[in-house]
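Just so it is clear, none of the values below were taken in a lab; they were calculated from the coordinates. No experiment lies behind these values; they were computed from the predicted model shown. We place every Cβ from the backbone using ideal geometry, glycine too, and count neighbours over all the protein chains shown.
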Amino acid sequence: MTLSSQIVAQIRDALFAGDLKTGDVLGSEADLAKLFGVSRMSVRDALRSLEAMGIVDIRMGAKGGATIAAGSGDRFADSLAIQLKLIGVTREEILQARAGIESMTVAMATMRGTADDIDRIRQVLVEAEKHLDNPEKSAILGEEFHMAIAQATRNEVLIGQLRAMREVLMPPAQWPDHDQAQKMLDVHLELFRFIESGDAAAARDAMVEHVKHWITA
């Protein structure tokens, strides 16, 4: 293991151990070179790797240096989507995973969703009804419906996973025609009625059937 890799490993381990947190100042290249007993070049290589991993932010200049970065849900989702694509997951694998995740998500959203969350989901459905003859817009709004449900859970792990899966699946092999878009809207309206009425069990069961249809389609 190179010296720079050792520095990366130590800082990463300290982060997971709770010894480092967002906003903590690691210092300048010179500070870190002295701390780890290595050259500034080794520190520079380590900081580049840590920055690419999203662990540190680096500020240049006389008062610059490295600090532990803030987390980003978007970055988490994007990184996961890239890795899913690179390992070659199939559409079927994604949909199988979504079946489990979305059934949990819709139940949690039903129990946790606020009036604003319900209104946000409703507005997506209103827009979807306006665009039944626009295949691309209809499909995008269909995914936005699922994301609006996920956001109502307040669970960043679920939200990030669904964002990543959506990224891998979009665009679909074929955009829905009017009849397909109408069927999708009808299912979404039924799901929304269960969410709005607070029936988490019915919402979960309906979502399972909905995603099963994707797998067999």
Rounded if a/c under 1.5, otherwise prolate or oblate - the range 67-155, Cα gyration tensor axes: oblate
Farthest toward positive dipole pole in the chain [+1 Lys/Arg, -1 Asp/Glu at C-beta], among LEU162, LEU80, GLY61: GLY61
Computed helical MRE - 222 nm, the chain, DSSP H runs ≥ 4 contributing -39500 (n - 2.57), nearest 500: -23500 deg cm²/dmol
For VAL56, distant residues with modelled amide H under 5 Å away: GLU51, ALA69
Net +/- balance of residues flanking SER79 in space, Cβ distance below 12 Å, scoring K and R +1, D and E -1: 0
Long-range amide H partners of LEU26 with built H, under 5 Å: ALA66, THR67, ILE68
ARG154 long-range amide H proximity, modeled H, under 5 Å: none
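Past 32 Å, Cα to Cα, is the threshold; run LYS21/LYS212; LYS21/LYS63; LYS85/LYS183 against it and keep the listed order. Intermediate values should be presented prior to the final figure.
Values: LYS21/LYS212 41 Å; LYS21/LYS63 20 Å; LYS85/LYS183 29 Å.
As for pairs spanning more than 32 Å Cα to Cα, those are LYS21/LYS212.
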